[in-house]
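Read the figures in this text as sums done on the coordinates, not as results from a lab. Predicted model, so just to flag it, every value in this text is computed and none were measured. Note that we place each Cβ from the backbone using ideal geometry, even for glycine, and neighbour counts take in every protein chain shown.
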Amino acid sequence: MKEKRAKIKISTKLVKRSYVAFALIIAVFALLAYRILTIQTVNFDYYQQKVINQLTTESTIYSRRGVIYDSEGAQLATNISAYRIFIAPSNIRAALSESTGADAKNYDDIIARGLSDILGEKYGVTYDDVADMIEKKKGSLDATVVRLADGESADLVLDFVSQNKLENMVLVEASSKRYYPYGNVASHVIGFTGTDGAGLYGLEYQYNSQLSGTPGKYITARDSYGREMPFEYKSVIDAVDGYDIETTLNVKLQMILREQLKATFEECQPECGAAGLVMNVKTGAVLAMVTYPDFDCNDARTLDDYYQGLLDVSGYSVGSAEYNTLKKDLQTKMWSNKVLTDPYMPGSTFKILTTAMTLEQGVAKPNDPFYCAGYLQVANRKIHCYRTIGHGHLTLAEGLQQSCNPVMMTVSARIGQEKFYNYFREFGYLAKTGIDLPGEGETTFWDEDKFGVVDLAVASFGQNFRVSMIHHLTALSAVANNGNLMTPYLVEKMTDSDGNVVYSHKPETRRQVISASVSKTVSDILEKGVSGNGGAKNCYVPGYKIAAKTGTSEKIGDLDKLARIGSCVAYAPADDPEIAILIVVDDPKVGTRYGSMIAAPYIANCLAEMLPYLGYEPEYTDAEKAAMDVTVGEYRGHSPKVTRNLINALGVKCEFIGEGDRVTAQVPAAGATLSKENGKILIYLGDSAPEKNVKVPDVSKLTAAAANKAILNAGLNIQLEGSKGHSLGSEALVVSQFPAAGEVVEKGSVIKVTVRFTDGDD
């Protein structure tokens with residue numbers, strides 16, 4: 001029987017499903033083909049980079065931050081060795097996977113415990129910090145534990161690595177950190193950097209991009225375990241070091257200014273500190289800039305003793321919200337550069353500019369007569385002079401020297417509101433000075449269309465408006481510099497790592513505001529106010545011609561109605577000025593408030609050191625030569641004859657006590673300073689010896705002449721300090737003495753007496 005082939009009936013549904021499945025397969029393959037094509041063409045670079053990233057690691061090669069120098073080559077900001085301590089989490093994970101059996105090691109625990117033990121106390125590294133880093137960055141070959149560790153810590157880490165065979169898991173890389181050799185000196189100018197090395201304040205911030213340079217890269221291939229492959233798979237992109245910067249600052253001048261600001265701060269304890277600025281009037285170069293109290297650039301976040309004291313007496317609990325808020329506020333205040341950021345009322349120092357305007361406009365001459373009754377009626381206001389009884393008859397020149405408000409109000413009215421306002425603008429107050437530091441404060445002055453006659457009157461003597469110290473000294477320097485207004489600056493030049501000069505500053509004259517003849521006339525007036533009978537006599541420096549003006553201004557808006565700002569400006573040499581100096585003492589709380597007492601003497605002290613340092617030799621008058629001090633030599637062991645000849649050469653008197661062929665004792669001791677005019681040295685021979693049998697007289701508040709007489713009559717020597725260059729017959733008064741009154745000293749001992757003129761109440 002012939003078999004019949006069975007017929008298979010294929011359902012239509014099945015056929016349709018097959019077609020659909022086949023279509024889907026074709027679509028999938030098409031999509032895959034499209035994706036492959038896209039990856040290989042359109043998105044090739046993207047996916048190639050992802051592969052490269054999986055197979056390579058990059059490490060930063062840090063560039064050397066540029067060094068900041070003063071004008072004489074002293075390093076103000078430099079770099080010292082530091083060490084970056086980091087781990088390679090991927091290598092740690094690989095080591096963990098390979099470590100099996102009885103000898104298996106928990107590398108993550110070993111590393112976390114070891115690094116926290118070594119670095120915990122000094123850098124705050126905890127076990128959990130390291131453990132989390134290993135876990136969360138397990139695919140990385142570079143995770144920083146401490147960025148800037150010291151050499152001692154780095155050595156301990158290296159020992160730990162060696163002992164535990166962790167060479168490719170824990171690594172130490174040589175680096176550097178910012179270091180400021182002079183600490184507090186110029187801290188408000190130089191500034192500081194953050195933990196990442198970037199500038200946060202001062203010149204470090206202003207010139208951060210130039211100082212930083214450009215970091216390089218170290219690119220390394222790695223295998224499937226994340227381990228670094230051999231040398232042939234490495235690539236290096238070199239770093240470009242930052243520029244070195246030479247500033248206009250002079251460390252010596254900076255230290256002199258800081259020391260004098262510290263002295264006046266300690267004397268009068270100003271609520272808002274003190275500040276000083278020294279500029280080259282011919283170029284605009286800033287030679288010194290100090291705010292006191294200051295801070296250590298190496299530890300910028302730690303409060304200075306003064307500010308820490310304010311925090312300690314606040315009554316707030318350490319760590320409380322109030323404590324932390326106050327600490328932050330005090331920190332911000334400590335960092336504030338008063339020269340730039342704290343506008344103040346300039347007071348009578350502005351009278352220099354009012355006088356310059358007057359002479360330039362020809363509305364009065366130096367010898368023109370005026371009268372001060374102690375006040376002046378302006379519109380409906382009676383505006384007083386600081387000398388309420390009045391100055392009486394005086395000239396324009398005397399009005400400036402004696403700081404007479406009515407004289408200034410009278411001449412400003414002759415100038416008129418419009419021209420006065422234009423001069424104010426021309427002297428640069430209504431625009432930025434252009435100094436290369438951040439944070440310059442804004443001038444607060446009247447709107448031009450609202451500047452009335454009363455406003456003009458009070459503006460003429462520096463009240464009711466605010467300017468920054470940098471604005472003010474820039475304008476005053478123009479008066480000293482033949483009327484030429486300069487742009488102040490701090491950076492002289494920049495050089496690259498090969499020593500090539502990439503930037504050099506050229507002094508910029510913005511405009512000439514007054515004539516050279518007016519400039520000279522004002523300087524002459526101011527100089528005679530110092531050497532003669534003006535209010536700035538405390539600025540006198542023997543052997544030098546100093547032009548100066550003091551000022552005392554109110555603090556409008558201050559809750560303390562007695563709050564004042566004492567200031568003084570000076571430039572020297574007066575006949576050909578090179579440097580100008582401004583000191584501002586903000587709200588003194590002890591003793592006098594007048595600039596003539598709390599600023600002028602310290603400017604004199606500054607100039608007495610600065611001018612010789614800058615190469616200006618003193619030229620003494622005959623009177624100054626007669627009053628000069630001499631330094632006592634060492635005479636013990638010499639014969640009487642030799643001793644007498646040596647003392648005669650000094651130009652002082654001597655007295656021999658006892659008998660013998662050799663000097664056995666002397667008073668004062670070698671190195672003491674005596675007045676050439678009145679000094680006397682006691683020489684003891686043989687067995688004779690000095691005895692402490694003289695009580696120091698009380699000379700406080702006496703005139704210099706009276707103090708001199710009292711001390712000499714007691715058988716003692718006097719050393720005058722302060723306004724000593726003026727005649728002993730002057731009205732300068734004693735403000736301090738050492739040793740104190742009542743102490744018993746050896747006959748012939750030197751009593752140091754500080755005298756100041758107190759008749760300048762401005």
Open item on the list: Test of understanding: what is the full-extension gain from residue 320 to residue 624, defined as 0.36 nm times their sequence separation minus their Cα-Cα distance?
Closed with: 103.4 nm
TODO: Please give the FRET efficiency for residue 418 paired with residue 106, using the beta carbon to beta carbon distance and R0 = 56 Å, rounded to the nearest 0.05.
DONE: 0.10
- [ ] Using Cα pairs closer than 8 Å and at least 6 residues apart in sequence, work out the relative contact order for the chain, in percent.
- [x] 10 percent
- [ ] Please report, in debye to the nearest 20, how large the charge dipole of the chain is about its Cα centre when each Lys and Arg carries +1 at its beta carbon and each Asp and Glu carries -1 there.
- [x] 2960 debye
- [ ] Run the quick spin-label model on residue 299 and residue 641: label points 7 Å from Cα toward the beta carbon, then report their separation in nm to one decimal.
- [x] 6.1 nm
Task: Most to least packed among 121-131, 397-407, 590-600 [average Cβ atoms within 10 Å] - done: 397-407, 590-600, 121-131
Task: Three-way shape call for the range 420-546 based on the alpha-carbon gyration tensor, with the a/c threshold at 1.5 - done: oblate
Open item on the list: With unit charges on the beta carbons (Lys and Arg positive, Asp and Glu negative) and the dipole taken about the Cα centre of the chain, which residue among 201, 452, 169 sits farthest to the positive side?
Closed with: 169
TODO: Could you work out how far the C-alpha centroid of the range 389-463 sits from that of the range 283-331, in angstrom?
DONE: 34 Å
TODO: Of the DSSP beta bridges with both residues in the chain, give the percent that are antiparallel, rounding to the nearest 5.
DONE: 85 percent
Open item on the list: Given the C-alpha atoms of the range 420-467, compute the convex hull and give its volume per residue in Å³.
Closed with: 77 Å³
- [ ] Classify the range 592-667 as rounded, prolate or oblate from the Cα gyration tensor: take a ≥ b ≥ c as the square roots of its eigenvalues, call it rounded if a/c is under 1.5, otherwise prolate when a/b beats b/c and oblate if not.
- [x] prolate
Task: Listed pairs 680/701; 282/752; 262/327; 262/506; 105/177 exceeding 28 Å between Cα atoms - done: 282/752; 262/506; 105/177
TODO: Calculate the length of the line joining the C-alpha centroid of the range 364-381 to that of the range 174-190, in whole Å.
DONE: 53 Å
- [ ] Using only the Cα atoms of the chain, construct the convex hull and provide its projected area averaged over every direction, in square nanometres to one decimal.
- [x] 60.9 nm²
Open item on the list: Using the Cα centre of the range 268-402 as origin and beta-carbon charges of +1 (Lys, Arg) and -1 (Asp, Glu), tell me which of 397, 356, 367 is placed farthest towards the positive end of the dipole.
Closed with: 367
Open item on the list: For a test of the definition: using alpha carbon positions, the gyration tensor, and the 1.5 limit on a/c, classify the range 623-756 as rounded, prolate or oblate.
Closed with: oblate
Task: Residues residue 659 and residue 502, FRET efficiency given R0 of 60 Å [Cβ-Cβ distance, rounded to 0.05] - done: 0.20
Task: Gyration tensor (Cα) of the range 260-372, equivalent ellipsoid semi-axes in angstrom - done: 41, 17, 12
Open item on the list: If packing is taken as the average count of other Cβ atoms within 10 Å, what order do 624-635, 534-545 fall into, highest mean first?
Closed with: 534-545, 624-635
Task: Over the range 394-452, volume per residue of the alpha carbon convex hull, in Å³ - done: 120 Å³
TODO: Going by C-beta contacts inside 10 Å, put 176, 317, 523, 517 in order with the fewest on the left.
DONE: 317, 517, 176, 523
Open item on the list: Restricting to DSSP H runs of at least four residues, report the calculated mean residue ellipticity at 222 nm for the chain, -39500 (n - 2.57) per run over all residues, nearest 500 deg cm²/dmol.
Closed with: -10500 deg cm²/dmol
Task: For peptides 498-511, 328-341, sequence by mean Cβ density within 10 Å, most packed first - done: 328-341, 498-511
Open item on the list: Using alpha carbons only, how many angstrom separate the centre of the range 62-110 from the centre of the range 477-551?
Closed with: 50 Å
